[in-house]
1. Of the numbered conditions (1) at pLDDT below 95; (2) more than 24 Å from H200 (Cα to Cα), H113 fails exactly one; give the number of that condition.
2. So which residues in region 83-117 are among the aliphatic types (A, V, I, L, M) and either within 14 Å of E148 (Cβ to Cβ) or surrounded by fewer than 21 Cβ atoms within 10 Å (Cβ to Cβ) (or both), if there are any at all?
3. For residues that are surrounded by 15 or more Cβ atoms within 10 Å (Cβ to Cβ) and among the acidic types (D, E), scanning just region 208-245, find the one that is farthest from the chain's Cα centre (by Cα).
4. Checking L33 against (1) of a type in the set (A, V, I, L, M); (2) in contact with a strand residue (DSSP E or B) (Cβ under 6 Å, 6 or more places away or on another chain); (3) surrounded by fewer than 21 Cβ atoms within 10 Å (Cβ to Cβ), which single condition isn't satisfied?
5. Mind checking which pairs have a first residue in region 27-39 that is closer than 16 Å to V308 by Cα and a second that is assigned to a helix (DSSP H, G or I) and hydrophobic (A, V, I, L, M, F, W, C), Cβ under 6 Å, 6 or more apart or different chains?
6. Can you name every residue in region 109-145 that is in a helix (DSSP H, G or I) and either acidic (D, E) or on the phi > 0 side of the Ramachandran plot (or both)?
7. For a quick check of your reading: which helices (runs of 4 or more DSSP H) sit entirely within region 211-291 and have at least 1 residues that are touching a residue at least 24 places away in the same chain (Cβ under 8 Å) and of a type in the set (G, A, S)?
8. Among the residues in region 192-200, are any farther than 20 Å from L33 by Cβ, open to solvent by 30 Å² or more (accessible area, probe 1.4 Å), of a type in the set (A, V, I, L, M) and touching a residue at least 24 places away in the same chain (Cβ under 8 Å)?
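The values are calculated or read from the model by the stated rules, or taken from the named source; none is laboratory data. Just so it is clear, the model here is predicted, and its values are computed rather than measured. Cβ coordinates were reconstructed from backbone atoms using ideal geometry, including for glycine residues, and neighbour counts include every protein chain displayed. Heads up: the accessible areas ignore ligands, DNA and RNA and are worked out on the full protein's heavy atoms, side chains in. Shrake-Rupley method; radii C 1.70, N 1.55, O 1.52, S 1.80 Å.
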Amino acid sequence: MEDKQREQLGGNPDWMSRLPEELLDVPLWNLALPGSHDSMSFSLDVSSPVVRSESCFLRLTDRLFPCCTRPCVYRWATTQLSVLSDQCDLGVRFLDLRIARKPAGSSKLFFAHGIYTLITVKEALDELAGWLDAHPKEIVIIACSHFESLSDEDHAHLMEFILLLFRGKLCPPQETPTLRSCWSKGQQVIVSYDDQELQHPGLWNRIPYWYANSPDPKKVITYLEGQQRQGRPDGFYVTGLNLTETMFYVFLHPFQSMRMLTLNSLSLLLQWAGEQQPGPEGVNIMCCDFVGMSEFCSLVVELNYKLVGRGCRKLPASSKISAS
């Protein structure tokens, strides 16, 4: 990311370490944390095949007309523009990592969103580990999910790699993490692993993600407000400000892209986000597409200051989500 653009949007590389003293004992699931939706989609490979979990129609179209299908999928599946370290510099503290094995080739694991990425899981997490070393008071939540075509052996190797890479930086799910407690133990990483059949005491269960599955920002807001009326989940959870295209929508807008759709909707979505309140009854993680193209991260970070002076030390901690 260009330094000029980062300065213009306002980088937040160490925002957690700068929060007021009275927020340091608040459970992390009662703070507002910026997140990026489909965090690795900046690395999608336009020459790769469509992933196996996509519809039969899309896979057939890809087989017959790859020169048309793949660029279209690329335009709509790309939701971020910069590497993980740049996202973290902006203030992102939740990373949505959708892991996949390519249908042929080496044993390396990649990421996927419609099509596969160029960057491997090892390369991305090594980069993140380096960023964490440079920012020892910042805490990042990594959500591993989807696991396209992974075998049991792939899962075992992936978990082993995560556990070895982050070692003492991992915060186990048996704890109630706060900034102060994590700092005292050198913990910087919370990893959720979205596979109910696989369990490890160092990894957290799936983090609920509210998303409206709609390209209409008004419907997204209506959906999120409906979810809020039903009550937030215990522990960590995600409020998704991201839009979702449908096949019908893409057909009607053949020259548009997810970037154009998002930019046209951001003002309304960010206005709604700025009206939210963190805390035991409020928002926690908020995810957005193209986090580097607006003030999204700064806006979400600023929500935490609404807790200052409101007895936030005494906020009741929601129950922890169980370990996977």
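1. (1)
2. V83, L97, I99, A100, A104, L109, A112, I115
3. The extreme case among them is D216.
4. (3)
5. That search, which allows pairs on different chains as well, returns A32/V300; A32/L303.
6. Those that are in a helix (DSSP H, G or I) and either acidic (D, E) or on the phi > 0 side of the Ramachandran plot (or both): E123, D126, E127, D133.
7. The qualifying helices (runs of 4 or more DSSP H) are 258-274.
8. yes
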